[in-house]
Structure formats: C-alpha cells, structure tokens
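What follows is a set of notes on a single structure, which appears directly below.
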Amino acid sequence: MMKRTASTRLYVVLALAFGLAIGSSSPSLGQLPLANETPNVLIDLSHEYTFAFDWDLSWRYLGPAGYDYTRFMATLERASLNAYDALVIGQYGTGVAFPVELRNAIRDFVSAGGGLLLIGKGWVWDTYYGGFPFASSYPLNDLATVFGAQFITNAYAVQPYSIRPHETTAEVTTLETKGCVGGILALDANWVPLVTDSTGQPLMAVRQFGSGRIFLSAEDCILANPPINLTFILNVVSWLTDGQQTRYPGTTPEQRVEPELMQIMPHVTVRYAASLGDRFQFVQDNFPTIYNNLKSMTAVEPVYDLRILCLATGGGGYSGGQEIGVGILTVDHSVIGVLTHEMAHSWNEPGGFPGAALEEGWASLMAIRVQDQMGCHSEAAAHRAVFEAQFRRLDPTGTELDLNADATGIPLGDLQAYMGKAMWVFETLEGNYGADFFSRLMPLHRQWVQSGQASNPVTMGDFIAMMSEVAGTDLGPFFQSIGTHWQEVSTPTPTPVSTGTPTATPTTAPTPTRTTTPNITPTQTCPPTQAPREHPRLFLPFVLKDTPSTF
C-alpha cells in the first residue's frame, strides 16, 4: 500500500474545488494572476511519487488558483528549469539521488529568481516502516545542504505548533496535519523559522537565496486529504512565485511529462525513469506471469493494450483503466501484489464492478491469488489476513456492511473491511457454484456490457443479474440477506434488465478481444509453485442454493 496514498483504484474527479476572484494589476496572495502572467510550477515526481503531489497539488490547489503546472515523472535533470517560476520537490524514503549536477542546476535556478518548495521528513518514516528497502541514505538532505539546511534523522516534532507572522502564514491560525508526526529541521543563520513545535524546534522555515526564495517543510501531511490548509498552501506558492508575477509571460508548459524510457512488450508498454532502471527490470520480467495468471482465472483479457508507469515510491499505485501506475521501490512480493491489483481493474473493463467494495475487493483477491501462485505463500496469507480481520471487526455476522455503498461514504479507514467482505462473498459464490465462477462470470460480464444488456458502468442490479445467470439461481435474496441495498434500474438498450433474472440469457461466452499470450519468459521472485494451490476461503455458514427466492 502506498504511503499515505492508496493501493486502491484511483477515481479522479476532474472538478474545481473552489473559485478565486480575478485580481488587480498587483495580485495579492491567493488571487488569480492576470492573463498572460500565469506562473509556471514544476512538480517533481521523479524522486518520490505521491497522490498529494501528482493529483492534489496540481488539480485541487494550483489549477483552480490560476497556476500552470507540470507533473514531471521523467528524470528531473531533463527538465528545462528556466521555463518555470517555482519548483516543488518532496521526498520521504525512496533513495532516488540528487546528483551534483542536478543540485547545482537547482541552486542556479533559485539564485536567478526561482522559488523552491522542499517537503521531506528525514527518516521519521523509517521508524514506522522498519527501513526502506531501496534507500540507505536520505538524498533530499544532499540538496537541502546546498541551502544550509538539514532534515534531522529520526527527530520528531511535538505538538502543539506555533505559527509566526509572515507572508506565507497570513490569515493562517492553525495547520491541519491529520494526526501525522512532523520532523525537525537543522538550519543555518540564513533561515527564518516559521512553524516551531512545543519545544521551540523548527519544522518549517523560509529564506532568500540570491534573487529566489525557498520554503522548507518537515511536515508532509499538510497536503493530505485535500483541500486542507488551502490558504496556507496558496500563500506559500504565491510567495515563491514573487506574488504570482511570472518570469515567462505567455509560456504554458506541458501538464504532464512521462518517464523518458520505454519498453514495448506484448500487451503492454512500460515507461520508467532512468533512476528506476533496476526495478523496471523486475516489472518487465514478471509482467507475463501476472498477465497469464489473470487470464487463466478470468477467461478474458483486457480490451486494450496496457500502459504501465513505474513510480518512484515505496509501494502502491493507481489504475485509470488502460494506464496503470505502480510503485516499484519496495520488496518483490509487494510489487507483484500492487501490479496485479491495478491490472485486475483493467480486466473488468468496460463496465467495471459496482461500488468501491466489490471493485477493490475483487482486485485485491486477484492480487493475493497471484502472489500465492508465484510462490509468495506467507506474504499472500498475511495480506489476506488483514482484510479478513478488518471485515470481521466491523461486520462479524456478515450482515452489516453494504457492498453497494458509495465510495465517498466509506471512511478511508474502513475500506479494507468492505473489501474483505467482498472477498468473502466472491469466495462464497465460488464455494457454492464452482471454483470456475470467475471464469464464467467475466466473459458474461463483458458480453452483457458490450451488447448493452448491462449498463456501463455496471449497476448492482446488473451485477447480481450476471452472477445469478452464472449460479443458475436468483442471488438477489442472498445479497439482501447480507445487507446489500440497491434499486433496480432498467438499462436502455437493447435488452432491459429490471429484475434479478435477465430477460435475455447469453448462451455462449464472447471471444476475448485479445487471445495471444506474452512470449517473454518470466523470472521467479518467490519460490516457484509446482501445482495450483487450493485457496483458503471464507464461506458463509449456509448453502446459498437453498436460499428461497422472493422475486
């Protein structure tokens, strides 16, 4: 699971979270700059990828406030820094280095008038996660040293925090950190501490450097669960861009720059930055095995070739359907799990599964099974135990959590419980109606969606109708008995589905859009499995076939 992001599928909402009034010829903090004077902000995603930087800072903070920005996934040395007014860099534990040449380029950028926002935490996270497998030092300190600062190793800020007056803290009385533990900074005399902890030690500070400005923060959760600290974040970026006066009028950068290296394989194109080359090889070697396992379990293949972006993070990822992001700077079994999870979302397209619980529970169940098939037995069992424990904690009788709950209504801390319940249901269906339940369901799912017999996205009513067809009995009463609520909605064309029993029954499975298999021989990362394993299951304490129909 990605640190403070999610291993769950990313549902991106492209909506403006707020609006800001157009300012005068001298914009004040937080106001929209005049036309042709929009500052350009470069967000570095090559040293540490987080959703807070990639999605939130860009779409929820900078874009609505009138900034142009670039989400930069390629090696940072390839960026034309002199086209930007401010540079944002965050790093917590990836170990991706800042070579001397890059440090010098960033120093020259700031000295010439650029703004620099550095967000890190030293090795505070190291205590929680037991070490970073691909990091033996904290590279952000190599950059911070250029400007007379250091993130102190394993030092903790103690709340409450004190906020000192400054342009960046105007109208800011409190900072929301969502319970995160802040780090501590060591600063030379050129720095001005802005936020200090209860012992007087600084965790945020500013300084002038040549003609430019730097804001340093050892608290990375200021962007978590956005838009929090909205006024503060906009104040900081406005100050870094010198009151939102761009140095490059009329220049609009690309909104996203992808990793510069690319490998084309059967069914997939993988992109990665040069600094991730060693770990990219692991993805390349194991993708075919994961692909073939998913194909075997579902009897379908994705309707499109996949695009995988290797992310500089210690785990986690996202799925946009065809595009998949995977954090690869972590141990092998975690990469296998995350890559399988995100790929699994592409297997049920078009249409998807209804609700976050079923969508995410299905993807994690597939990930656990592929981990197990690739020999990672203990890791898969531990992964599974987390979901089972969370499910049993909140729903010991199996009747409480609604699998049709809207994603926005599920507390983030409870999502694993909902996912665990979905796994429980899927395995119960397999136990009662055959281990090949998924390999019969998935071709039917695709046929119904592509023909219009089911809606796109698939509703809960459609999904229960599909599963009922596979089971040979009406599963509506069963889902009602376990606390799932839904309203039947007729799909417009060509065949309405308004009850638990479809009005037209497919008689043959569709031909998968893709029928070839990867021709690359994969490497084994965990001990090889000699034969398919019987997966442990969490069956319901009654036989579904005997459940009477009330429809």
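Summary table below
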item	result
Subset of segment 431-446 [surrounded by fewer than 18 Cβ atoms within 10 Å (Cβ to Cβ) and either assigned to a helix (DSSP H, G or I) or under 26 Å from the mean Cα position of the chain (by Cα) (or both)]	431, 439
Restricting segment 162-182 to residues that are more than 21 Å from residue 237 (Cα to Cα) and not charged (D, E, K, R), the residue that is most open to solvent (accessible area, probe 1.4 Å)	179
Checking residue 271 against (1) basic (Lys, Arg); (2) closer than 29 Å to residue 113 by Cβ; (3) outside any loop (DSSP other than H, G, I, E, B), the condition it does not meet	(2)
Residue selected from segment 128-168 under the condition part of a loop (DSSP other than H, G, I, E, B) and hydroxyl-bearing (Ser, Thr, Tyr), by the criterion nearest to residue 200 (Cα to Cα)	161
Among (1) at pLDDT 95 or above; (2) within 30 Å of residue 331 (Cα to Cα); (3) surrounded by fewer than 17 Cβ atoms within 10 Å (Cβ to Cβ); (4) within 24 Å of the chain's Cα centre (by Cα), the one test that residue 413 misses	(1)
Single residue of segment 236-268 satisfying the filter (assigned to a strand (DSSP E or B) and in contact with a Lys or Arg (Cβ under 9 Å, 6 or more places away or on another chain)) that is surrounded by the fewest Cβ atoms within 10 Å (Cβ to Cβ)	262
Yes/no for residue 190 being of a type in the set (S, T, N, Q), at pLDDT 95 or above and either part of a loop (DSSP other than H, G, I, E, B) or closer than 15 Å to residue 236 by Cα (or both)	yes
Condition check for residue 215: in contact with a Ser or Thr (Cβ under 7 Å, 6 or more places away or on another chain), under 14 Å from residue 120 (Cα atoms) and either in contact (Cβ under 8 Å) with a residue 40 or more places away in the chain or not small (Gly, Ala, Ser) (or both)	yes
Among (1) modelled with pLDDT of 90 or more; (2) of a type outside the set (Asp, Glu); (3) in contact with a Leu (Cβ under 9 Å, 6 or more places away or on another chain), the one test that residue 182 misses	(1)
Cβ pairs under 7 Å, 6+ apart, first in segment 433-449 and within 17 Å of residue 462 (Cβ to Cβ), second open to solvent by 20 Å² or more (accessible area, probe 1.4 Å) and polar (S, T, N, Q)	449/456
Scope segment 388-410; condition outside any loop (DSSP other than H, G, I, E, B), within 19 Å of residue 353 (Cα to Cα) and either touching a Gly at 6+ places or on another chain (Cβ under 7 Å) or in contact (Cβ under 8 Å) with a residue 24 or more places away in the chain (or both); matching residues	407
Residue check for residue 107: over 29 Å from residue 270 (Cα atoms) and open to solvent by 30 Å² or more (accessible area, probe 1.4 Å)	yes
Among residues of segment 51-92, those that are open to solvent by less than 10 Å² (accessible area, probe 1.4 Å), within 15 Å of residue 256 (Cα to Cα) and polar (S, T, N, Q), counted	2
Boolean, residue 332 is within 14 Å of residue 371 (Cα to Cα) and more than 15 Å from the chain's Cα centre (by Cα)	yes
Test: residue in segment 199-212 that is of a type in the set (Phe, Trp, Tyr) and either closer than 23 Å to residue 100 by Cβ or crowded, with 21+ Cβ neighbours inside 10 Å (or both)	yes
Residue satisfying condition, being more than 22 Å from residue 367 (Cβ to Cβ) and of a type in the set (Asp, Glu), within set 323, 254	254
Enumeration of residues in segment 299-340 that are open to solvent by 10 Å² or more (accessible area, probe 1.4 Å), assigned to a helix (DSSP H, G or I) and either of a type outside the set (D, E, K, R) or touching a Pro at 6+ places or on another chain (Cβ under 7 Å) (or both)	333, 334, 338
Tabulated pairs, segment 270-289, first open to solvent by 20 Å² or more (accessible area, probe 1.4 Å), second part of a helix (DSSP H, G or I), C-beta under 7 angstrom, 6+ apart or interchain	272/280; 282/332; 282/335
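The values are calculated or read from the model by the stated rules, or taken from the named source; none is laboratory data. Bear in mind the structure is a predicted one, so any value in this text is a computation, not a measurement. Cβ atoms come from the backbone with ideal geometry, glycine included; neighbour counts cover every protein chain shown. Surface accessibility is based on the protein's heavy atoms, side chains included, excluding ligands, DNA and RNA. Shrake-Rupley method; radii C 1.70, N 1.55, O 1.52, S 1.80 Å.
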